[in-house]
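Heads up, the thing below is written out as structure tokens.
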Amino acid sequence: MFCRRFAILHRLSLFDHRTRFVRWLESRLIHSPTHSFALSLSALVLLLAGCATPPQAASLMESPAVAQQIAAEPVGDFYIGRRVFAPPFAIWGYVRSPRQSWKTAKLVILNEKFQFAPDRARNQLGSDNGSEYRLYGNFSGDQIYDASSGRFCAEFVLKRAELVSANPDPIWSPYFIRDRQMFIGWQRGGSQPTSANP
């Protein structure tokens, strides 16, 4: 009981000293010649904070070799997909149109009602991490909530997948999956932001 009362009295005493110090500091600042400068600086900081650019999607890397491969791709009624195995997330990987930069790709969740994902069809989940595919199907236009990441991903309805390369040139850093870099600039509860440099 005594200790509790002492603690309360001690806190009140500190609060009183702090209040006096704040009043003293305010009186000095208001009457100082730097007061208007300090107010102007504070207003500028607040203004700049309000003008911050919206978050952008995590950039995928494109080496000159990858850019050349993209430029030489055939076009057709298919998409190009790169597998990202990152449990516990439900994401499948990135999907883009042929001859389009990886920076335009969407992180997708597959709808497998017509065709299982290649690794699931072989009963070897994640065995194709990093592999590149030619994907036949379409974006449904729906956003699917991935409960593990807390984000909405585009839904891609898979009808067929053809392996292009099991070991293509990398488009992300070695720590991309470990550090969950696919979610940089992507707020929980939101949809994937667009890339800064498509």
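Derivation of every value follows stated rules applied to the coordinates shown; laboratory data play no part. Only a predicted model underlies this, so the values are computations on that prediction, with no experimental measurement involved. Virtual Cβ from ideal backbone geometry, glycine too; neighbours counted across all protein chains shown.
Compactness ratio of region 70-132: Cα Rg over 2.2 N^0.38 Å, N = residue count?
1.16
For the pair SER140 and ASP179, how long in nm is the line joining their label points, each one 7 Å along Cα→Cβ?
Simple spin-label model gives 3.4 nm for this pair.
Would you mind giving the average projected area, over all directions, of the Cα convex hull of region 64-183 in nm² with one decimal?
Taking a quarter of the hull surface, the average projection is 7.2 nm².
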